[in-house]
Structures are given as C-alpha cells and as structure tokens.
Amino acid sequence: MPALAELRRDALACTRCPLAKGRTQVVFGVGDPVADLMFVGEGPGEQEDLQGEPFVGRSGRLLDRLLHEEVGVGRERVYIANVVKCRPPGNRNPLPEEVAACRPWLEQQIELISPRVIVTLGNFAAQLLLDTRSGIKTLRGRSYPYGAAFVVPTYHPSYVLRSGSVGEAMAGIRADLVRAKEHLAVAV
Ligand code: URA
Ligand code: SF4
C-alpha cells in the first residue's frame, strides 16, 4: 500500500484527542498524492464531517472557483487538508491541545506529498506551519521558506465570504494565489 494511503488508514482510526468523540468521520485530505500545490485549512465543518472530504461546503466552492480562476487547475490537481482532521463541535476554533495532537498527521502528509508550495488558509494553518503567533493580516503578502518548499499564507475562504466579493480580502486571496502560481512556475 502506498505510504499516504497507509497514513490515511491509520488516521481514520485516530482517537488522540477529544474531537474524536463528536465526529462523524475523520476528514484526512483529498487530491493528488504527489501534488506540487497543497492547501491547508483549519478543520472540517458540518458538510466536511458528513462527506469525509475537506472544503466541500460554501468555503470549498469559493476555493474551487479561485483555484480555477487564478491558478487554472481543478481540485484533483492539488492536495487539500486541514490542521485538525475532526470537526470541532459547532465549528468552534480548535483548541491548542487538539492542534498539537493532530499535528503529526499533517506533518507526515506534507512530508509524503512533498509539495513545492503550501497555501495556508486562515490563522490556524499559518501559525502552525510558520511557528508564530502573528495574525494572517500581518503574515500574508509574502512567502516563507518551509524546508525545500514555500508557504504562502492567505485568508480563509470563509473570511473572504464574510467580507464580501469586492473587498480587500478577495483581492488579497487572489493576489496570494497568483504568488503561489508564480512559485510553482519557477520551481519546475
Ligand atoms: N473550513 C476549513 O478550514 N476546512 C474545511 O475543510 C472546510 C471549511
Ligand atoms: Fe486524531 Fe486529529 Fe481527530 Fe484529534 S482531530 S482525533 S488528533 S485525527
């Protein structure tokens, strides 16, 4: 069995943190196991918990659209995962101990997929991968080396949805995706 499939099988049975109790299923991740471009969100919402796939609700539809418009690819060409793999009750923020418990799954995913560019969506993924407490407004607008890869932090699509389609958030997420695409172009 390929290593990522093996990791997924193990993660689907994970009970390392209390989020295991409230979940319908573990939402491990989806997409190309050797993708050059990876996205990391926060955690599954209601639809993701039910369907077992990340970003399939409203935020996911926006992500799919922006991926198409700014990068020119569909979700099958990238890999999409979250910081925590199980839905926090009522979509509350994941707690620090939940993020810490789940972290090895994400780190092993990144190691096996070995993407060239990782776009983090929202505060939680950026703060985890960049090991910082700075907020996304401060962090976004540039890229950061991450091993042999680059991290491009951007807003969470749900924040962009709340902010309206013509605001700074929408312009910012589009610019960040262009930045990610430029890194991909120079990396190959
Ligand atoms: N928001 C996230 O951060 N991840 C998902 O998978 C869905 C919504
Ligand atoms: Fe395991 Fe992560 Fe789910 Fe917690 S959130 S039970 S650490 S897979």
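Summary of computed values
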{"read-out": "Hits in the range 132-160 - residues which are of a type in the set (A, V, I, L, M) and in contact (Cβ under 8 Å) with a residue 40 or more places away in the chain", "value": "V160"}
{"read-out": "Residues of the range 115-160 that turn out to be touching a helix residue (DSSP H, G or I) at 6+ places or on another chain (Cβ under 6 Å), among the hydrophobic types (A, V, I, L, M, F, W, C) and in a helix (DSSP H, G or I), as a count", "value": "4"}
{"read-out": "Candidates L184, L95, L129 - the one that is of a type in the set (A, V, I, L, M, F, W, C), in contact (Cβ under 8 Å) with a residue 60 or more places away in the chain and more than 18 Å from P54 (Cβ to Cβ)", "value": "L184"}
{"read-out": "Candidate set: the range 35-46, residues that are open to solvent by less than 20 Å² (accessible area, probe 1.4 Å) and in a loop (DSSP other than H, G, I, E, B); chosen: the one nearest to L184 (Cα to Cα)", "value": "A35"}
{"read-out": "Within the range 7-34, considering residues that are within 13 Å of the chain's Cα centre (by Cα) and in a loop (DSSP other than H, G, I, E, B), the one nearest to S114 (Cα to Cα)", "value": "G29"}
{"read-out": "Of all residues making up the range 101-112, the number that are open to solvent by 60 Å² or more (accessible area, probe 1.4 Å) and away from ligand 1 (no atom under 16 Å from the Cβ)", "value": "4"}
{"read-out": "Candidates F55, F39, filtered to the one that is on the phi > 0 side of the Ramachandran plot, within 14 Å of ligand 1 (Cβ to nearest atom) and touching a strand residue (DSSP E or B) at 6+ places or on another chain (Cβ under 6 Å)", "value": "F55"}
{"read-out": "Test: residue in the range 113-128 that is more than 15 Å from the chain's Cα centre (by Cα), surrounded by fewer than 21 Cβ atoms within 10 Å (Cβ to Cβ) and not basic (K, R)", "value": "no"}
{"read-out": "Single residue of R142, R133 found to be open to solvent by 30 Å² or more (accessible area, probe 1.4 Å), of a type outside the set (A, V, I, L, M, F, W, C), in contact with a strand residue (DSSP E or B) (Cβ under 9 Å, 6 or more places away or on another chain) and farther than 17 Å from R58 by Cα", "value": "R142"}
{"read-out": "Test for A81: is it closer than 24 Å to C14 by Cα and within 12 Å of the chain's Cα centre (by Cα)", "value": "yes"}
{"read-out": "Restricting the range 42-84 to residues that are touching a Pro at 6+ places or on another chain (Cβ under 6 Å) and within 19 Å of M170 (Cα to Cα), the residue that is farthest from ligand 2 (Cβ to nearest atom)", "value": "L62"}
{"read-out": "Qualifying positions in the range 69-99 - part of a helix (DSSP H, G or I) and open to solvent by less than 60 Å² (accessible area, probe 1.4 Å)", "value": "E70, V71, R75, E98, V99"}
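The values are calculated or read from the model by the stated rules, or taken from the named source; none is laboratory data. As the structure is a computational prediction, the values presented were derived from the model and not from experiment. Neighbour counts run over all protein chains shown; Cβ positions are idealised from the backbone, glycine included. Surface accessibility is based on the protein's heavy atoms, side chains included, excluding ligands, DNA and RNA. Shrake-Rupley method; radii C 1.70, N 1.55, O 1.52, S 1.80 Å.
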